[in-house]
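Right, I'll just put the structure down here and ask away after.
Read-outs: derived from the displayed coordinates by stated rules, not from any lab. Nothing here was measured: the structure is a model prediction, and the numbers come from that model. Positions of Cβ are backbone-derived with ideal geometry, glycine not excepted, and every protein chain shown enters the neighbour counts.
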Amino acid sequence: MFKKRLFFILILFILLISGSIIAFCYFSKEVIQDKNGDFKEKNVNNNILVVAKKNTNLYINKNYIYNEKLCFSFLDSKMSKKFGVIYTNYLSNKKTLSHSTGHEILSESIGLIMLYAVHTNNNLLFDSAYDYMIKNLFSNDIGILWRSEMSDNSVASSNASIDDLRILRALIEAKSLFDTDKYNTSIKRINDLTLSNLTYKNNLISYYSKNQVTSTNTIEIGYIDLFTIKLLINFDSRWKNVYKTSIKIVNSSKLKNIPLFYKSYNIKNKTYKINNKVNMLDSLITMLHLSEVDLLDDKSYNWLKNKFYKEGKLYGSYFLDGEPTYNYESSAVYAIAARLADSQNDDIFYNDLLKKLVNLQVTNSQSEIFGSFGNIDNLEVYSYDNLQSLLAFRRKNYEATHN
């Protein structure tokens, strides 16, 4: 009897020690994914520990590293044409519509994954997306086409300034990060086409189409990527006047009743436009663009924080009096708001926004969209929400917060 008790005590002791070791290893540094889809982590002694099985519920640590890895794994395994080339939607659609749908590939998604590749120092991922863009989306007379892979095999004939600027930023950052000149030709060519097709009298314009007789007279306020325009001045001085004009347009685009922003500006009439509500994605992107060049005023940022902490959430849209239009939360809204908080060096707000973001992630391991930011009921998953979420997980000081 004594030997049995001693044996059970010994077993209990071993289990306690093992648990301590596992707990210690759980928060170690390097996470890898094996061929079966299981997430594993190397501890300080380079031993491998399984921390998240492919078919088990999500495990989360304080840095959200597993949320990020599972989101990327979903995109890579279930929503990609090839590595780094993400479909617009998880569900396919056999019709080609005026808006993006199904398994089309957007230059928007290509630019976002290229930025994510830069933020994760992943040259392979970057070049896979870059190669696809050059072969399938780049046009010698238009620039970067806004979509490809349409069901009816048609070819897009237009592009959008925000997508071109995003890809230019990624290329410039990749050139520096990977210490290479291989992107120089693309940077120069896209830069020249963007200036010739997507600016008018030193004004950035929203779209260009080779089928339209004259250039568009409008610019979406959220398309004015001030940081990238300023960055491009170092490559081409013609951007200097575009930057000056852009600053004036954005700084004058604030609404009267609430410190959010108009949707668009008519260059010819010099008038701003918005409907009867504010799309929070539009205003948040404008706020992020201002923050990245240190021009965001406290009034707008504090309004956002006060709304979040007073109501416990951010809504997808608001009426012009500041009341939400309906009870709808968006992962993209929380992701871009988190990127904004990071740009503002606001650690507390950033982490509180990430807590709301991960609550929208599909953590049911039995769902076919497990790991994504999507709708578990109808299986709708959009590339934009997930790619913005990946960028939100990667802070400006990512290495400092994960070591």
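Between Phe319 and residues 5 or more places away or on another chain, which pairs have amide H atoms under 5 Å apart, with H built 1.01 Å from N, and which residues are they?
The list, which skips near neighbours in sequence, is Val278, Thr325.
Would you please put 104-113, 252-261 in order of how densely packed they are, using the mean number of other Cβ atoms within 10 angstrom per residue and starting with the highest?
The most tightly packed comes first, giving 104-113, 252-261.
Take the alpha carbon gyration tensor of the range 57-401, find the square roots of its eigenvalues, order them as a ≥ b ≥ c, and report rounded if a/c is under 1.5; if not, report prolate when a/b exceeds b/c, else oblate.
Rounded is the answer for the range 57-401, as its axis ratio a/c remains below 1.5.
Could you run the Karplus curve 6.51 cos²θ - 1.76 cosθ + 1.60 with θ = phi - 60° over the range 324-329 and give me ³J(HN,Hα) per residue in whole Hz, x for Gly and Pro?
x, 6, 6, 7, 9, 10
How about the range 315-350: which chymotrypsin sites (Phe, Trp or Tyr not before Pro) there are in a DSSP loop, with at most 15 other Cβ atoms within 10 Å of their Cβ?
Hits after loop and neighbour filter: Tyr326, Tyr328.
Then there is this: Show me, for the range 189-197, the HN-Hα J-couplings you get by feeding each phi into the Karplus relation (A = 6.51, B = -1.76, C = 1.60, θ = phi - 60°), rounded to Hz, glycine and proline as x.
5, 5, 4, 5, 5, 5, 5, 6, 9
Which trypsin sites (Lys or Arg not before Pro) in the range 61-93 pass both tests, a DSSP loop state and at most 16 other beta-carbon atoms within 10 Å?
Lys62
How far apart, in nm, are two points set 7 Å out from the Cα along the Cα-to-Cβ line at Leu177 and at Lys299?
Going from the Leu177 label point to the Lys299 one covers 3.6 nm.
Same structure again: Take the alpha carbon gyration tensor of the range 261-403, find the square roots of its eigenvalues, order them as a ≥ b ≥ c, and report rounded if a/c is under 1.5; if not, report prolate when a/b exceeds b/c, else oblate.
Judged from the Cα gyration tensor, the range 261-403 comes out oblate (a/c at least 1.5, b/c at or above a/b).
Something else: Along the charge dipole of the range 57-401, pointing to its positive end and built from +1/-1 on Cβ of Lys, Arg, Asp and Glu, which listed residue (Tyr223, Cys71, Phe138) has its Cα farthest out?
Checking the options against the dipole of the range 57-401, the answer is Tyr223.
Still on this model: Between Leu91 and residues 5 or more places away or on another chain, which pairs have amide H atoms under 5 Å apart, with H built 1.01 Å from N, and which residues are they?
Answer set, sorted by chain and number: Val381.
Now, a different point. Could you list which residues have their amide H under 5 Å from that of Tyr200, counting only those 5 or more apart in sequence or on another chain, with H placed in the peptide plane?
Those lying under 5 Å, H to H, from Tyr200 are Ile205.
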